[in-house]
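Visitor: Below is one structure. I have some questions about it.
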Amino acid sequence: MELVFVLVEPAVPENIGASARALKTMGFGQLRLVNTLRHQEKQARILAHGAGDILTSAKVYDDLPAALADVDLAIATSAKARHHWRDLLAPAQIRDLIAGKRGALKRVSVVFGCEESGLSNDQLACCDLLSSIPLAVTYPSLNLSQAVMLYAYELSPLQQTARDAGSSQADLGQYRALKQKLAERLPALSYGEDSTLYRWAMEKIGRLGQKDIGFLHALCDKLALNDIRGK
């Protein structure tokens, strides 16, 4: 399993450089950027301080859907609860959720919005889970690179377990495949993407453990087989 960090439209090159340094310090190496080239500026290189290789290898995408196209589980970060999202998870909860289904995941991303406004509702809709860092006060909020550092620190134990995991290739990607099955089955049951049940179901599967994912795969397959036999 791979863990990648995604910065969406960061406006301050120093924040990108400091984020790269935080990732390097915690043992991560994959940084993705959306709609920006500010990581190429001198200020970003100065703040990276030994993590210039992460800036050099950072992949740039035109929009968030493109950046997440090969990601199984995407975790959005926010400073507050958002409309339509029932669960707002702390970084430690995110770590435990990933650990509980790491054998079913090829790639996981943590997504951060721009410094001024964070992630838009459309960008949040591209993600599976919503996470926030508990703060004693709501203002001043954390700097972007500070938030990246805290998530990198909290998720760093997953790096070693990901290397040691012995999951088969057949298991990897099960979660993403389950999302696709539900995205196909729910509209067929008259629950479209705009329905409350569809949004609730797609959010809740992000909290499932690996055994639960396998069970729902079997259930969906059984229902599909019954539909075919009934025709």
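Since every read-out is calculated from the coordinates, none of them should be taken as a lab result. All values reported here derive from a predicted model rather than from experimental measurement. Backbone-built Cβ (ideal geometry, glycine too); neighbour counts: all protein chains shown.
Visitor: Enter the angle in degrees (range 0 to 90, nearest 10) between the Cα long axis of helix 174-188 and the first principal axis of the Cα atoms of the chain, meaning the one along which they spread out most.
Guide: Long axis of 174-188 versus the principal axis of the chain: about 60 degrees.
Visitor: Taking Rh as the Kirkwood radius computed over C-alpha pairs, what is the Stokes-Einstein D of the chain at 37 °C in a medium of viscosity 0.692 mPa s, expressed in µm² per second?
Guide: Working: Rh = 18.5 Å.
Rounded to a whole number, D works out at 177 µm²/s.
Visitor: Tell me, what is the Rg over Rh of segment 11-129, with Rh the Kirkwood radius over Cα pairs?
Guide: Rg/Rh: 0.96.
Visitor: Please report, in whole Å³, the volume per residue of the convex hull around the C-alpha atoms of segment 1-73.
Guide: With only Cα atoms used, segment 1-73 gives 76 Å³ per residue.
Visitor: Which trypsin sites (Lys or Arg not before Pro) does segment 75-160 hold that lie in a coil by DSSP with at most 12 other beta carbons within 10 Å?
Guide: 80, 86
Visitor: How far is it, in nm, from the label point at residue 195 to the one at residue 79 when both lie 7 Å from their Cα along the line to the Cβ?
Guide: Spacing of the two 7 Å Cα→Cβ label points: 3.7 nm.
Visitor: Right, another one. What's the extension gain from residue 69 to residue 183 if we count 0.36 nm per residue and subtract their Cα-Cα distance?
Guide: Fully extending the segment from residue 69 to residue 183 adds 39.5 nm.
Visitor: Let me ask another. Can you pull out the GluC sites (Glu not before Pro) in segment 100-160 that DSSP calls coil and that have at most 12 other Cβ atoms within 10 Å?
Guide: Of the GluC sites (Glu not before Pro), the ones in loops of segment 100-160 whose Cβ has at most 12 other Cβ atoms within 10 Å are 116.
Visitor: Provide the gained length on full extension for the span residue 141 to residue 87, in nm with one decimal, where the gain is 0.36 nm per separating residue minus the Cα-Cα distance.
Guide: Full extension of this stretch gives 17.4 nm more.
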